[in-house]
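Some notes on the structure that comes next.
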Amino acid sequence: MRAVHNQGVTTGEQTITTARSRRGVTAAWFGVVVYCWLAGGFDSFTWQSTAAVLIPGMIIFALGVARPPDRRPRPVPIGTAGAVAWSVPLLTFCVLEIVDDLLGSTRAHPTLSILMDPVLNIHVWRSMGYFVWIVVGWALVKR
């Protein structure tokens, strides 16, 4: 049996496979949301919260290593001005983090983790942080 589906002709079996695939992706993302909600319940700076960051990180890393990259056209070089525009803020942030960490990561010399702690003490925001961590990691793997 042939049917017109998504502007193309497919067999009934292909349509069913696509529907199953979408359900699988939806179920996977639902699982990610549940995981993020549960992981958001852990207190900051505990072994449970560290594991909650490392586990999806290692899974996404393994998927990125195991999966061959897609062929894409070579990106346009950003040039010197673009490199400076990206490097200056990044290097400034890195130097400030290192210096503040060496000075003890106190209120007078806060690191990013100290600055974000009031926000990440709230369960919903911490769960959203886990979700952003996973989405950004997955987006890097998909590239």
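General remarks:
- Dividing the mean sequence gap of close Cα pairs (under 8 Å, 6+ apart) by how many residues the range 8-143 holds gives a relative contact order of 41 percent.
- Angle in degrees between helix 47-66 and the longest Cα principal axis of the chain, rounded to the nearest 10: 50
- Taking the charge dipole of the range 20-143 about its Cα centre, with +1 at Lys and Arg Cβ atoms and -1 at Asp and Glu Cβ atoms, the residue from Phe61, Pro118, Thr92 reaching farthest to the positive side is Phe61.
- Computed log₁₀ I(q)/I(0) - Debye formula, equal Cα scatterers, no solvent, the range 13-73, q 0.13, 0.17, 0.26 Å⁻¹: -0.56, -0.80, -1.05
- Computed E for Thr80/Arg107 - FRET, C-beta separation, R0 30 angstrom, nearest 0.05: 0.20
- Hydrodynamic radius (Kirkwood) for the chain, which is based on Cα pairs only, to one decimal in Å: 19.3
- Between the helical axis of 79-102 and the longest alpha-carbon principal axis of the chain there is an angle of about 50 degrees.
- Principal-axis tilt of helix 123-142 within the chain, Cα atoms, nearest 10 degrees: 60
Values quoted throughout were computed directly from the atomic coordinates according to the rules given, and no laboratory measurement underlies them. Since the model is a prediction, treat every value here as computed from it, not as a measurement. Methodologically, a virtual Cβ is constructed for each residue, glycine included, from the backbone with ideal geometry; neighbour enumeration extends over all protein chains shown.
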